[in-house]
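The values are calculated or read from the model by the stated rules, or taken from the named source; none is laboratory data. Just so it is clear, the structure is predicted and the values come from calculations on it, not from any experiment. Cβ atoms come from the backbone with ideal geometry, glycine included; neighbour counts cover every protein chain shown. Side chains included, ligands, DNA and RNA excluded: accessible areas come from the protein's heavy atoms. Shrake-Rupley method; radii C 1.70, N 1.55, O 1.52, S 1.80 Å.
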Amino acid sequence: MSLKHPFKTSFGVVERKDFFITEVINHDGTRGYGESVAFTVPWYTEETTETCLHVIESFLIPLLREHSITHPDDVTDIFRVIRRNNMAKSALEGAIWDLHAKQQGVSLARALGGLETSIDVGISIGMKPTIDDLLSDVEESVDQGFKRVKVKIQPGWDIAVLREIRHHFPSLDIMADANSAYTLRDAPHLKQFDDLQLLMIEQPLAHDDLIDHAKLQQQIKTPICLDESIHSIEDVRQALALRSCQIINVKIGRVGGLTEAKRIHDLCKEHNIPVWCGGMLESGVGRAHNIALSTLPQFVLPGDIAGSAHYWKKDIIMPEVVVEDGEIFVPDAAGIGVNIDKAALEQFTVAQYSYSFD
Ligand code: OSB
Ligand code: MG
């Protein structure tokens with residue numbers, strides 16, 4: 001699916017999303033859906049669309065054939081013998097969660113234990129050719145009612161840009177996401193951000209670092225939020241022990257599925273660490289999973305969950321995700337609560353693989 005607008009981050013430009021939709025079909029015909037959120041290039045984490053397919057086909061499907069599942073939590077345990085490859089795991093586990101919720105006759109949000117009927121959302125804005133282009137996108141987002149605005153930064157596109165946004169929007173909740181564009185040597189530079197009243201700075205340092213983030217957090221007031229560094233509840237435990245961050249961005253794919261995401265949520269709730277749901281430029285299917293997760297009580301900050309029309313000319317779900325005044329109403333139909341638009345899905349499909357479990 002081609003994005004309406006190219007999305008530029010410090011790691012590269014995403015113009016097109018190649019991914020797959022996972023569908024699990026129960027004996028009674030009930031269908032659950034998930035999405036692989038990896039990109040075609042391993043610049044966010046090491047996974048790609050192709051590695052997801054390889055791992056699912058060669059390792060995860062065979063594992064599922066060997067075990068029986070009574071609850072989606074079992075899937076996380078069964079997949080534990082395979083190291084990482086969290087987005088591959090999550091693509092399958094998410095579909096199984098959707099199927100499970102449908103069997104229980106409840107929404108995925110309720111199946112996870114979420115209570116909210118609507119969620120607050122923010123928007124993530126990529127880097128633009130000029131500051132004026134960015135300012136007009138920020139203004140549009142503010143007019144649309146998004147609860148906070150996140151902008152992508154990197155050396156050379158940071159302090160001046162943020163100052164300009166702050167100048168035009170004195171009371172806006174603003175945050176910045178560096179996607180690992182800095183090193184600890186930039187601490188004095190990043191300290192200048194302290195005057196801007198940012199909600200947080202997301203993943204300023206290396207994608208696999210916890211130590212330097214802890215050192216940086218000691219030197220700056222702006223709360224650090226970790227994204228790329230967090231792949232499991234163990235990573236969160238260590239980040240909290242080291243004081244590497246004050247906030248956690250939970251992405252279902254990055255942590256290997258909804259079960260691990262929920263466990264991370266629970267741990268953060270215990271420690272009073274705010275969490276929010278990150279995005280991976282998902283189609284409506286992944287978006288529906290993100291919405292369900294965001295109904296859990298410790299998701300106290302708006303997630304990166306814009307409406308379908310922000311990303312796509314045509315999404316593959318019906319109805320599409322709509323944001324009104326910075327809120328998304330949580331569907332209460334069973335499972336992810338939206339239907340697959342079969343015609344749209346077919347139009348985007350370039351390959352299809354089936355596996356039987358009898
Ligand atoms: O770092 O949160 C990120 C998109 C692709 C890869 C990484 C990130 C992002 C976003 C966009 O910020 C979130 C979205 O709108 O889906
Ligand atoms: Mg991020």
Apart from one, (1) open to solvent by 50 Å² or more (accessible area, probe 1.4 Å); (2) within 14 Å of ligand 2 (Cβ to nearest atom); (3) more than 20 Å from Val250 (Cα to Cα) all hold for His207; the odd one out is (3)
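Identify the residue in segment 44-94 that is of a type in the set (Lys, Arg) and open to solvent by 50 Å² or more (accessible area, probe 1.4 Å) and, among all such residues, is farthest from Thr9 (Cα to Cα).
Arg65
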Can you list residue pairs whose Cβ atoms sit under 9 Å apart, with the first residue in segment 25-47 being within 26 Å of Val338 (Cβ to Cβ) and the second being aliphatic (A, V, I, L, M) and open to solvent by 70 Å² or more (accessible area, probe 1.4 Å)? Count only pairs 6 or more apart in sequence or on different chains.
Arg31/Ile25; Gly32/Ile25
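Please verify whether Arg185 is modelled with pLDDT of 95 or more, farther than 19 Å from Lys150 by Cα and more than 16 Å from ligand 2 (Cβ to nearest atom), treating the condition exactly as stated.
Values: modelled with pLDDT of 95 or more: yes; farther than 19 Å from Lys150 by Cα: yes; more than 16 Å from ligand 2 (Cβ to nearest atom): yes.
Considered against the rule, which asks whether it is modelled with pLDDT of 95 or more, farther than 19 Å from Lys150 by Cα and more than 16 Å from ligand 2 (Cβ to nearest atom), Arg185 comes out as yes.
Within segment 240-262, is even one residue within 22 Å of Ile82 (Cα to Cα), assigned to a helix (DSSP H, G or I), more than 16 Å from ligand 1 (Cβ to nearest atom) and free of Cβ contacts under 8 Å to residues at least 12 places away in the same chain? Steps first, answer last, please.
Let us first name the residues in segment 240-262 that are within 22 Å of Ile82 (Cα to Cα), namely 250-262.
Next, only the ones that are assigned to a helix (DSSP H, G or I) stay: 258-262.
Filter once more, keeping what is more than 16 Å from ligand 1 (Cβ to nearest atom): 258-260, 262.
Narrowing the set further to residues that are free of Cβ contacts under 8 Å to residues at least 12 places away in the same chain leaves none.
Looking for residues that are within 22 Å of Ile82 (Cα to Cα), assigned to a helix (DSSP H, G or I), more than 16 Å from ligand 1 (Cβ to nearest atom) and free of Cβ contacts under 8 Å to residues at least 12 places away in the same chain, one finds none in segment 240-262, hence no.
In the list Ala181, Ala160, which residue meets the criterion of being part of a loop (DSSP other than H, G, I, E, B) and in the same structural domain as Ala306 (by TED's automatic domain parsing)?
On the way: Ala160 fails: part of a loop (DSSP other than H, G, I, E, B).
Going through Ala181, Ala160 in turn, just one is part of a loop (DSSP other than H, G, I, E, B) and in the same structural domain as Ala306 (by TED's automatic domain parsing): Ala181.
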Out of the residues in segment 210-242 that are within 16 Å of ligand 2 (Cβ to nearest atom) and among the acidic types (Asp, Glu), which is nearest to Leu301 (Cα to Cα)?
Asp227
Can Leu135 be described as more than 16 Å from ligand 1 (Cβ to nearest atom), open to solvent by 10 Å² or more (accessible area, probe 1.4 Å) and not assigned by TED's automatic domain parsing to the domain that holds Glu327?
no
Of all residues making up segment 1-57, the number that are within 16 Å of ligand 2 (Cβ to nearest atom), farther than 15 Å from Asn85 by Cα and β-branched (Val, Ile, Thr):
3
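For segment 345-357, state whether one or more residues are under 19 Å from His5 (Cα atoms), assigned to a loop (DSSP other than H, G, I, E, B) and out of contact with any Gly (no Cβ under 8 Å at 6 or more places or on another chain).
As a first pass, look at segment 345-357 and keep what is under 19 Å from His5 (Cα atoms): 348.
Going one step further and asking which of them are assigned to a loop (DSSP other than H, G, I, E, B), we end up with none.
There is no residue in segment 345-357 that is under 19 Å from His5 (Cα atoms), assigned to a loop (DSSP other than H, G, I, E, B) and out of contact with any Gly (no Cβ under 8 Å at 6 or more places or on another chain).
Would you please name the residue that is nearest to Ala91 (Cα to Cα), looking only at residues in segment 2-19 that are assigned to a loop (DSSP other than H, G, I, E, B) and either in contact with a Lys or Arg (Cβ under 7 Å, 6 or more places away or on another chain) or open to solvent by less than 40 Å² (accessible area, probe 1.4 Å) (or both)? Give the derivation first.
So the first thing to find is which residues in segment 2-19 are assigned to a loop (DSSP other than H, G, I, E, B), and the list is 10-11, 17-19.
In the following step, the residues that additionally are either in contact with a Lys or Arg (Cβ under 7 Å, 6 or more places away or on another chain) or open to solvent by less than 40 Å² (accessible area, probe 1.4 Å) (or both) were identified as 10, 17.
On the way: Ser10: 26, Lys17: 15 Å.
Ranking the qualifying residues of segment 2-19, first place goes to Lys17.
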Are any residues in segment 148-185 away from ligand 1 (no atom under 14 Å from the Cβ), among the basic types (Lys, Arg) and in contact with a strand residue (DSSP E or B) (Cβ under 7 Å, 6 or more places away or on another chain), and if so, which ones?
Arg166
Kindly indicate whether any position in segment 111-128 is more than 15 Å from ligand 1 (Cβ to nearest atom), in contact with an Asp or Glu (Cβ under 7 Å, 6 or more places away or on another chain), part of a helix (DSSP H, G or I) and open to solvent by less than 60 Å² (accessible area, probe 1.4 Å).
no
So for segment 103-112 (the condition being at positive phi and at pLDDT 95 or above), does at least one residue qualify?
yes
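Would you pick out the residues in segment 280-335 that are on the phi > 0 side of the Ramachandran plot and not in a loop (DSSP other than H, G, I, E, B)?
Keep residues of segment 280-335 that are on the phi > 0 side of the Ramachandran plot, which gives 281, 325-326, 335.
Selection gives Gly335 alone.
Tell me yes or no: at least one residue of segment 302-317 is outside the structural domain of Gly32 (by TED's automatic domain parsing), basic (Lys, Arg), out of contact with any strand residue (DSSP E or B) (no Cβ under 9 Å at 6 or more places or on another chain) and within 16 Å of ligand 1 (Cβ to nearest atom).
No, segment 302-317 contains no residue that is outside the structural domain of Gly32 (by TED's automatic domain parsing), basic (Lys, Arg), out of contact with any strand residue (DSSP E or B) (no Cβ under 9 Å at 6 or more places or on another chain) and within 16 Å of ligand 1 (Cβ to nearest atom).
Taking Lys150, is it in contact (Cβ under 8 Å) with a residue 40 or more places away in the chain, open to solvent by 20 Å² or more (accessible area, probe 1.4 Å) and in the same structural domain as Ala214 (by TED's automatic domain parsing)? Steps first, please.
Values: in contact (Cβ under 8 Å) with a residue 40 or more places away in the chain: yes; open to solvent by 20 Å² or more (accessible area, probe 1.4 Å): no; in the same structural domain as Ala214 (by TED's automatic domain parsing): yes.
Answer is no for this residue.
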